[in-house]
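Step one of this worksheet: look at the structure below.
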Amino acid sequence: MNLTFILLMILYLINFIVMNSLGISFKGYGDDITTGNIFSEGLNAMAYALIILPVILFFFNKRKWWIILLGIVVFVTLVVSLKRISILAVLTGYMILFFSLKKKKKLIKGGVAILALLIFSFPLYSETLSEQIENRSNRFQANSIEKEGRYRETIIVFDQIFSFKDVPYSIFGKELFNSPGTYGTASDWNGRQLHSDYNVLLHGSGLLGITLYFLVQGVILMTFIRYKRKILGLNGYSKKLDYLNATFYAVFLLSFVISLSGGINGVIFNVLRYSFLGSVLGLYYSILKMPDAKSYLIKNLEN
């Protein structure tokens, strides 16, 4: 699984370099940076990959420097692309990681070193970043949040759902994943689709649907907590288990941040999320089924 994440990061960078060298396809914000056809998909996927990076490093004993360099370059591409939710996701993910870890010294040392490298390399991408910020200057003005489509759509959907003027709609929703033209007025939105995942779920499946969604997420979290307690009961604390547990929380919670912007119908980064969560749950489940689980933990996850 770790190798898969590394390969995806490499493929993302190859795509990024080729698209910008040839000026192909979708422009993000302005004409300075292009990400090809994987704008939100690719950038959000890289946010998850960067959060998982410390775990990847723990399972590679040699030549870690090139993986660290790969992560730094990927993060720089997120910054210059100026996709706000992807940048916020990385920062939020590392905050969750920091507070979830029992021992933070290694993460702090790594963070300081990476920050120093980012500052040292800033002249290489400062001009592009300045141009991108200029392109998005209207997004950083006072009261710009009220002008955001996601903010305005939230007001409309919440008002319609929680008013209970149409009870079947409030409970069951309508036209799941087919929001263009089915909410607000045509003159206001001109067929604009809903973006925030919470609005998509509320409008499309009502209070029942969004409740079921959070119940599924709750089952994933409670299953992990149950497995984690049993694993720690067998072996106690270790650095590898600490990073696996903290990263699980970070990746799990990160989805709720990204959902503010939207992406429930995205394939790449949702696959990354559920693959990582599933791999940790699968690993712990398999260990707990072993007749010699304690010796396995001591041998493979002790350090």
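The values are calculated or read from the model by the stated rules, or taken from the named source; none is laboratory data. Just so it is clear, the model here is predicted, and its values are computed rather than measured. Positions of Cβ are generated from backbone atoms using ideal geometry, with glycine treated the same way; all protein chains shown enter the neighbour counts. With ligands, DNA and RNA removed, areas are computed over all heavy atoms of the protein, side chains included. Shrake-Rupley method; radii C 1.70, N 1.55, O 1.52, S 1.80 Å.
Given R₀ = 51 Å, what would the calculated FRET efficiency be for Leu117 paired with Met222, taking r from the Cβ atoms and rounding to 0.05? Walk me through the intermediate numbers first.
Numbers: r = 39 Å, r/R0 = 0.77.
E(calc), rounded to 0.05, equals 0.85.
What separates the Cα centres of segment 240-303 and segment 58-127 is a distance of 20 Å. Applied to segment 239-251, the Karplus parametrisation 6.51 cos²θ - 1.76 cosθ + 1.60 on θ = phi - 60° returns per-residue 3J(HN,Hα) values of 5, 5, 5, 4, 6, 4, 5, 5, 5, 4, 4, 4, 5 Hz, with x for Gly and Pro.
What net charge do the residues around Ser179 carry, taking every other residue with its C-beta under 11 Å from that of Ser179, with Lys and Arg at +1 and Asp and Glu at -1? Working shown, then result.
Working: positive: Lys174, Arg192; negative: Glu153, Glu175.
That sum, taken over residues with Cβ under 11 Å, equals 0.
The order of Thr211, Thr92 by accessible area, most exposed first and with a 1.4 Å probe, is Thr211, Thr92. Note that segment 153-169 has calculated 3J(HN,Hα) couplings of 5, 5, 4, 5, 5, 5, 5, 6, 6, 8, 6, 6, 5, 10, 4, x, 5 Hz, one per residue in order, obtained from phi through the Karplus relation 6.51 cos²θ - 1.76 cosθ + 1.60 (θ = phi - 60°); glycine and proline are x. Using θ = phi - 60° in the Karplus curve 6.51 cos²θ - 1.76 cosθ + 1.60, the 3J(HN,Hα) couplings for segment 71-82 round to x, 5, 5, 4, 5, 4, 5, 5, 5, 6, 6, 6 Hz; x is entered for Gly and Pro. If the chain linking Lys64 and Leu208 were pulled fully straight, counting 0.36 nm for each residue of separation and taking away their Cα-Cα distance, it would gain 47.2 nm.
Among the listed pairs Lys106/Lys299; Lys83/Lys174; Lys239/Lys299; Lys64/Lys109, give every one whose C-alpha distance is greater than 19 Å. Provide the component values of the computation, followed by the final result.
Numbers: Lys106/Lys299 22 Å; Lys83/Lys174 30 Å; Lys239/Lys299 13 Å; Lys64/Lys109 15 Å.
Beyond 19 Å: Lys106/Lys299; Lys83/Lys174.
Each Cα pair of segment 224-291 feeds into the Kirkwood radius, which the Stokes-Einstein equation turns, at 37 °C and 0.692 mPa s, into a diffusion coefficient of 250 µm²/s.
Using alpha-carbon pairs under 8 Å, 6+ residues apart, how would you state the relative contact order of segment 160-297 in percent? Present the calculation step by step, with values, prior to reporting the outcome.
Numbers: 119 pairs, mean separation 33.1, N = 138.
So the answer I get is 24 percent.
Estimated at 0.36 nm per residue, the fully extended path between Ile108 and Arg192 surpasses their Cα-Cα distance by 25.9 nm.
For a quick check of your reading of the filter: which trypsin sites (Lys or Arg not before Pro) in segment 66-103 sit in a DSSP loop and have no more than 16 other Cβ atoms within 10 Å? For trypsin sites (Lys or Arg not before Pro) across segment 66-103 that sit outside H, G, I, E and B with at most 16 neighbouring Cβ atoms in 10 Å, the list reads Lys102, Lys103. Segment 183-301 has equivalent-ellipsoid semi-axes of 39, 13, 10 Å, by the square roots of 5 times the alpha carbon gyration tensor eigenvalues, sorted largest first. Sorting 67-79, 154-166, 194-206 by average packing, meaning the other beta carbons within 10 Å per residue, from highest down gives 194-206, 67-79, 154-166.
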